[in-house]
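Take a look at the structure set out below.
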Amino acid sequence: MGFLDGLKKLGEAVEGLNDAANSISRSTVDDYGEPVYSLYTALNLGDLHSRIDITDEEGNVKYYTKSSIFALKGKTEIMDAAGNVIAHLEKRPVSLHEKHFITMADGRKFTLSNEIFHVIKDITNIEGLGWQIRGNLIGLNFNLVDENGRPVAAIGKKLISMHDKYSIGLYQPEQEQAVTAIFIQLEKMLEARRENDD
């Protein structure tokens, strides 16, 4: 095997390790076990309106975003691979802070508020679902648990990655679309905050 062949094999091994590397923390696995499966996204930081793709373990796009560049309310739609809308995200000012509304295609509605970023705390409630976010919101490294304290998903940055690549480990696969919507809304809230801080 020549030097270039060796480098290629090393690159393939690292890429395979990167694909297999799980960002689920050891404490999450100890508490809840391994997720049923994971979805992935590589975020392009710096452009609030850029498309976000959510892929499966084989790299196939399962969901993607369509954002309105000019809308003052910051509207975004999340589409499935066939182009069907699965969720609508909207930002609206309410009193002294903004509320971020998520409406799922099945009619469920829930809310995230930017006030969750004013005080760093370990637990944040999602209004309208009864779910909680436990962990580091700013770093997009957290667990979602349902109203009974059962794990819904674990989200975190992949350990071996040259880009901002995140995994979304699903414990309740039937909640895949709601988890995807929450993740994307949180990323958009964080990106808006970064733009405002610049």
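The values are calculated or read from the model by the stated rules, or taken from the named source; none is laboratory data. The model shown is predicted, which means the values in this text are computed figures rather than measured ones. In this analysis, Cβ positions are derived from the backbone assuming ideal geometry, glycine residues included, and neighbour counts consider all displayed protein chains. To get the accessible areas, we keep the full protein, side chains included, count just its heavy atoms, and leave off ligands, DNA and RNA. Shrake-Rupley method; radii C 1.70, N 1.55, O 1.52, S 1.80 Å.
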> Which of the residues that make up region 156-184 are of a type in the set (D, E, K, R) and at pLDDT 95 or above?
Replying inline: Glu174, Glu176
>> Can you pull out every residue in region 78-90 that is at pLDDT 95 or above, crowded, with 17+ Cβ neighbours inside 10 Å and of a type outside the set (A, V, I, L, M)?
In response: Asp80
> Out of all the residues in region 91-134, which are of a type outside the set (Lys, Arg), part of a strand (DSSP E or B), open to solvent by 30 Å² or more (accessible area, probe 1.4 Å) and at pLDDT 85 or above?
Replying inline: Phe101, Thr103, Glu127, Gln132
> Can Ala20 be described as farther than 22 Å from Met104 by Cα and modelled with pLDDT under 95?
Replying inline: yes
